[in-house]
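All of the numbers you see were taken from the coordinates with simple rules; none came from a lab. No experiment lies behind these values; they were computed from the predicted model shown. As a convention, Cβ positions derive from the backbone with ideal geometry for all residues, glycine included, and neighbour counts pool all protein chains shown.
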Amino acid sequence: AISNCLTLEANYDACSEGLEDFAREHGFWKGNTKFSFSKSFDTWFMPFFGRAHARRAMSEDALSSCAAQPKLHCHDLVENLRRHSHDRSLFSQHDNDDVCMHAGSFKRPSQTCGSMVVRLSPDGLNDYLFTGSSAPCLSLFKPVNFDPDIKFHLLSEEQAPVGASYWHRQESIHRRALFNLDFRKALHESLALVQEEIYCWLNETAGGGEASYREADHIARQWHESWYNEALKQPLDTDLLSVYGHFWRNLNMRDCVL
């Protein structure tokens, strides 16, 4: 849980030679208190406007809740990565302190992309779940491994055009969900069902290797194709009377999102 701020204080095992002297010589540390790397070298601008400490606190709270459970599941970590600080239906009202952060204006030009959860196993049969897309709360966490012989739906061919990539096609779904509440509600309901199907399938076939991933990828592929086609039936609307709507309208044109 880092969140755009430095987190190391005095709890490091090794450092560059002369680190403390460098901090003192440049006025980052006066030398009359215990040396803290984060207090000496962090800036105020990014943590303050990026709400870094609030977002980190939310992450740590979620991780503490997980640690208190008798058994941890991928579902719990996925839901943590989808967390918002407030339950607001309009993403234009969201803040930078969300774990699942949504872009909205010049104050919040970035958003959470490419979320990942990994389940490590002592026998090496690990599970890797990626979104490969923007906004984890509107994305499916899809199983992928690093076997080059399996052509995962999430991964693009090396020479494939950007417009054919998973991320670009998913943006057609994501950007309609930002402004169409009915579409977003239906998307959330569908996501919950297919995500549980993927969890169950992987849990029941733990250690299934290539066959496990092929089947789970097939489920994700069918879901994505269905929702991409459904998204193209909906108008790509934005609220042109708001800064938020104008921001996304410009992005839609720049990114050539259908």
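Annotations
- Sites listed here are GluC sites (Glu not before Pro) in region 1-68 whose DSSP assignment is loop and whose Cβ has at most 14 other Cβ atoms within 10 Å: E9, E17.
- Whole-number Å³ per residue for the convex hull built on Cα positions in the chain: 185
- Range of Cα positions in region 160-258 per principal axis (Å), largest first: 52, 32, 21
- Viscosity 1.567 mPa s, 4 °C: Kirkwood-radius Stokes-Einstein D of region 12-94 over Cα pairs, µm²/s: 79
- Rounded to the nearest whole Hz, the Karplus-based 3J(HN,Hα) values (6.51 cos²θ - 1.76 cosθ + 1.60, θ = phi - 60°) of region 20-28 follow the sequence 5, 5, 4, 5, 5, 5, 9, x, 7, with x at glycine and proline.
- In the chain, lysine pairs with alpha-carbon atoms under 26 angstrom apart (chain gap of 8 or more, or interchain): 7
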